Every structure is written in C-alpha cells, then in structure tokens.
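Trainee: Sharing a structure here in structure tokens format.
The values are calculated or read from the model by the stated rules, or taken from the named source; none is laboratory data. None of these values were measured; they are calculated from a predicted model. Neighbour counts are summed over all protein chains in view; Cβ atoms, including those assigned to glycine, are modelled from backbone coordinates with ideal geometry.
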Amino acid sequence: MPQFAYRAIDKDSHISTGVLIAESMASLDQRMSELGLWLIEAKEQTARKHIVARVRVTRRDLVDFFNGLATLVDAGIDIAESLRVLVSETEDEGLRRVLEEVRLNIESGVSFFDAMSAHPDVFTPEICNLVRAGEHSGQLVEACHDISEHLEWLDQLMADVKQATMYPAMVAVAVMGLVFLMFSFVVPQFALIFDSLNLELPAVTRVVVAVGDFCNSYWWAILLAAGLIFAFFKYVPPRWPPLALRLDRAKLNMPVFGEVISLLVLSRFTHNMALMLKAGVPIVESLRLVSGVVANRVMAAAVDSAEQAVTEGRRMSEAFAKSEVVSPIVMRMIVVGEETGRLDGCLEKISLRMDNEIPRRIKRLFGILEPVIILTLLGIVGVVAAAIFMPLFSLMSGIR
C-alpha cells in the first residue's frame, strides 16, 4: 500500500504532520475525519523524505519499547492500545512521534509489520521481519523478546569494543599530537640555535632538523592531508563498490587486527542468522536480510552466494566452503545444522561462544598494543633528544 506524507489540522487549530499508509487519497481523507482531523495536504511517498527519516533512536529506547510491548500484549491488550500506552510513557520526542504514526496506521487496518516498515530509520528490516514472523505464527510476544535480546546483545557488543579501544585510541592520538608538536615547534627552535653556532651536525641531527623544518613550514598541508585521507575513506568507498570490497578484504587480512575483525563479522552473521531462523523467517529471506547487517562486503558476498545456492536447491554450506572469511569451526556448525535440521540451534551456540571470545581477544590485543605505543613514543623522543644533545655535547667538548 502507498504511503502518504500529510499535514492535518484538528478542532483546536493544531497542525500535525506524519506518514500514513492508505489505499488511496480518499481513504486517507476518510481516516483523517475518523480521527477528528481535517486533511490540509497529502503527497504519496516514493522514498522516505519525511521528517521521520531524521529521527535518531537509541538501542536502549528500542529495548525498553519492545520489552514494554511484549508485557502489554502478553497481558491481553491489543497492539493499538498497547502503543497508545507506550506513546504516553515515551520521553523521546522522535520515538513518540514514530510510535503515534505506527498506532494510527494500525487503527486504519494496516498490519504491525507494514506500519513499522514505513519507518526504516527506526525499525530495521531484520526487526520488521521478526515482527512479521511473530504475527504470522501468533508468537508476537516471543518475537518482541527476541528483538529486545538482540538489541541488548548488539549494544553490549558495541560497548565492549568501545571500552577496549578507547584508551589505546586516546594514547595513540596523544602520541601523534606530541610527535607533531615536537617536530613543528621544539626541533625548529634548536635548529636556529645550531645555525647561529655554525655547528657541524651529525647525520641523525640533520634528518631530525629537516623533518622539523618541513613540519614547521607545511603543518597546514599535513593537517589538510590528514583531513582529506579521512574524508576519502569515509565517503568514497560507499560510492565505489570495488574499492569498498578491496578495503573490507584488506581489513580481514590485516596483521594482528584482522583476526578480531573476522570474529566480529562472523559473530554478526551467526547471531542474526540464528535469530531469524528461530523466529521462523524462511532461510532465503534470512540470508537476504543478514547480508545487509554483517558490516563487511566480503562476508556479504559470501552470504549472497549462499542465498543463491539455497534458491537453486543446494546447501548453503557449499557456497560458504568457497568463502575466505567463514572459519572452519563455523563451517562445521553449519554442516552439522544442515545435517540435523537444527541450523538455528547450531548457529546460536557458535554465536554465544564468539560473544565470550571477542571481548577477551580485544582486551588481549590492546593489552599488547598499549606498551608498543608507549615504547614507540619513547623511541621517537629518544631519537629527537639524541639528535639535539649530540651537537651540544660536541660543542662542550670543543670548549674544554
């Protein structure tokens, strides 16, 4: 059914805007009248250009929403009335507006799945499909609990990664800033002193002074280059798929970090795939949805190949066997799941194992990286100090 972005006015002259799903403009006008609103204007939406697209909802808000919805529906309250209660209790203005639109669509006869799908920036496709599977199977309460647990898992995973990487990242930034400061301001000052004394400089001092002169003269170019590199890797790959694929493959093959990145990618795949299959989403549809959430194009290509294999009547393990990212243990669990008919259970077990393994790997990795960063800083400072003091020592020896 088409979606209409509307502006309407109530009896108190308050103007409201939103998006409703209706069969036609006439049915939309009728629905507005039933709600006590007079339609001012409406336009059919071919893409999400409505203000809802700018809504940013936290995972924690969504966890609270689905927990509350599961409790109310389990108590026998219908979805529309449950949404009315949750709207009144929601503090976030953006989420409250979205939930109100979802409620209005449901009251106009639209399914919960279609009403949520009208807000893809808030309810992702995998969440919507879990709701659709719950509606069709009559297990909407279980589906809401599954969604809540999934969002909790994702929030915890991101929190573990941020916690483990924050301190090393701050140390690395501080090191780069200190090195840049030394070469841009400290070293040039000593270079002026050496020039005024007409000292014969050792090779290491000449190199350090040359680097300092370059940083002092072209510091703006260094900062500009750093900004351009950041902008290039942030904005160009999404618009250039071949480059994005090569970068994602390079991430998986990185020394030290590649193994952790591979674990994160496989964890996303196994967790989301197990969740979809457990909820009753067909395997082809599950693979299609999971392809968009694995956060790596190499893995997404492998999932797409598995989807094609299943569509052709073959096992998805045949496609994954040719993949460069699926680990042997994940392959074994997929094969066992296909053989026993319990693919969701096997993927869930391996997902739980990875959930426990990833934080340990990250902490161990950055536990090693921190002293390396500090030793690197000490090495750079030592070289600069030696380059500065060697000519001074030579001068003092000459005076004696």
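Trainee: TRP240 versus (1) surrounded by fewer than 14 Cβ atoms within 10 Å (Cβ to Cβ); (2) modelled with pLDDT under 85: which is the lone unmet condition?
Mentor: Only one criterion is unmet by TRP240, namely (2).
Trainee: Moving on. Here are some residues: VAL179, VAL204. Which one is surrounded by 11 or more Cβ atoms within 10 Å (Cβ to Cβ), touching a helix residue (DSSP H, G or I) at 6+ places or on another chain (Cβ under 7 Å), at pLDDT 80 or above and assigned by TED's automatic domain parsing to the domain that holds ASN272?
Mentor: It is VAL204.
Trainee: Restricting to the range 287-331, count the residues that are under 30 Å from GLY138 (Cβ atoms) and touching a residue at least 40 places away in the same chain (Cβ under 8 Å).
Mentor: Within the range 287-331, residues that are under 30 Å from GLY138 (Cβ atoms) and touching a residue at least 40 places away in the same chain (Cβ under 8 Å) number 4.
Trainee: It is to be established whether one or more residues within the range 312-329 are β-branched (Val, Ile, Thr) and not in a helix (DSSP H, G or I).
Mentor: yes
Trainee: Got at least one residue in the range 188-198 being modelled with pLDDT of 80 or more and either of a type outside the set (S, T, N, Q) or part of a helix (DSSP H, G or I) (or both)?
Mentor: No, the range 188-198 contains no residue that is modelled with pLDDT of 80 or more and either of a type outside the set (S, T, N, Q) or part of a helix (DSSP H, G or I) (or both).
Trainee: Do we have any residue at all in the range 137-154 that's exposed (fewer than 15 other Cβ atoms within 10 Å of the Cβ), in contact (Cβ under 8 Å) with a residue 60 or more places away in the chain, more than 23 Å from the chain's Cα centre (by Cα) and under 30 Å from ASP64 (Cβ atoms)?
Mentor: Checked against the condition, which is being exposed (fewer than 15 other Cβ atoms within 10 Å of the Cβ), in contact (Cβ under 8 Å) with a residue 60 or more places away in the chain, more than 23 Å from the chain's Cα centre (by Cα) and under 30 Å from ASP64 (Cβ atoms), the range 137-154 yields at least one hit.
Trainee: Is there a residue being in contact with a helix residue (DSSP H, G or I) (Cβ under 9 Å, 6 or more places away or on another chain), within 23 Å of MET273 (Cβ to Cβ), of a type outside the set (Ser, Thr, Tyr) and crowded, with 20+ Cβ neighbours inside 10 Å anywhere in the range 72-94?
Mentor: The answer is no, given that none of the residues of the range 72-94 is in contact with a helix residue (DSSP H, G or I) (Cβ under 9 Å, 6 or more places away or on another chain), within 23 Å of MET273 (Cβ to Cβ), of a type outside the set (Ser, Thr, Tyr) and crowded, with 20+ Cβ neighbours inside 10 Å.
Trainee: Kindly establish whether PRO371 is at pLDDT below 80 and under 30 Å from VAL171 (Cβ atoms).
Mentor: Considered against the rule, which asks whether it is at pLDDT below 80 and under 30 Å from VAL171 (Cβ atoms), PRO371 comes out as no.
Trainee: Here's a follow-up. Given the criteria among the hydrophobic types (A, V, I, L, M, F, W, C), exposed (fewer than 11 other Cβ atoms within 10 Å of the Cβ) and touching a residue at least 24 places away in the same chain (Cβ under 8 Å), does VAL256 qualify?
Mentor: The answer is yes for VAL256.
Trainee: Can I ask one more? One residue is enough: does the range 103-114 have a residue meeting the conditions in contact (Cβ under 8 Å) with a residue 24 or more places away in the chain and farther than 18 Å from GLU81 by Cα?
Mentor: Scanning the range 103-114 turns up no residue that is in contact (Cβ under 8 Å) with a residue 24 or more places away in the chain and farther than 18 Å from GLU81 by Cα.
Trainee: Kindly establish whether GLU307 is under 25 Å from SER148 (Cα atoms), charged (D, E, K, R) and modelled with pLDDT of 85 or more.
Mentor: So GLU307 fails the test.
Trainee: What are the residues in the range 150-171 that are aromatic (Phe, Trp, Tyr) and either at pLDDT below 75 or closer than 17 Å to ILE261 by Cβ (or both), if any?
Mentor: Once the filter is applied, which keeps residues that are aromatic (Phe, Trp, Tyr) and either at pLDDT below 75 or closer than 17 Å to ILE261 by Cβ (or both), the range 150-171 yields only TYR167.
Trainee: Taking the range 115-135 on its own, how many of its residues are aliphatic (A, V, I, L, M) and over 15 Å from ALA80 (Cα atoms)?
Mentor: 5
Trainee: Taking the condition of being in contact with a Gly (Cβ under 8 Å, 6 or more places away or on another chain) and not in a helix (DSSP H, G or I), how many residues in the range 339-388 meet it?
Mentor: Here the count works out to 0.
Trainee: Give all pairs with beta carbons closer than 6 Å in which a residue from the range 55-70 that is modelled with pLDDT of 85 or more meets a residue that is not in a helix (DSSP H, G or I); count only pairs at least 6 apart in sequence or on separate chains.
Mentor: ASP61/ASP92
Trainee: For the range 285-307, which positions are among the polar types (S, T, N, Q) and assigned to a helix (DSSP H, G or I)?
Mentor: Correct list: SER286, SER305.
Trainee: Quick one: in the range 33-54, of everything that is among the aliphatic types (A, V, I, L, M) and at pLDDT 70 or above, which residue is surrounded by the most Cβ atoms within 10 Å (Cβ to Cβ)?
Mentor: If we take residues in the range 33-54 being among the aliphatic types (A, V, I, L, M) and at pLDDT 70 or above, then LEU37 is surrounded by the most Cβ atoms within 10 Å (Cβ to Cβ).
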